[in-house]
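Student: Let me begin by handing over the structure; questions about it come next.
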């Protein structure tokens, strides 16, 4: 690994890859943590009809973000 970091461009690419992996992992963990309130609320409201798991609540968060998220150019 020392040989790869001695080459400047490869060292920068490895650092970038580590950073991207860290951002993806932190985003996934935060997303899962935020899925718990959605799961609890869904199970409280619709628990008699259908209960959902944490992964289903996470998928519901992603779907809501896609459907209702802001995708503008910053102008109001």
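Student: Suppose R0 equals 35 Å; then what is the FRET efficiency for residue 45 and residue 15 from their Cβ-Cβ distance, rounded to the nearest 0.05?
Tutor: 0.15
Student: What is the packing order of peptides 54-63, 36-45, 22-31, taking the mean over residues of other C-beta atoms within 10 Å and listing the highest first?
Tutor: Order by mean packing, descending: 54-63, 36-45, 22-31.
Student: Could you give the alpha-carbon Rg of region 2-67 over 2.2 N^0.38 Å, rounded to two decimals?
Tutor: Cα-based Rg divided by the globular estimate yields 1.75.
A short reminder: the numbers here are calculations on the coordinates, not readings from a lab. Being a predicted model, the structure only gives us computed values, none of them experimental. A quick note on method: Cβ atoms are made from the backbone with ideal geometry, for glycine too, and the neighbour counts reach across all protein chains shown.
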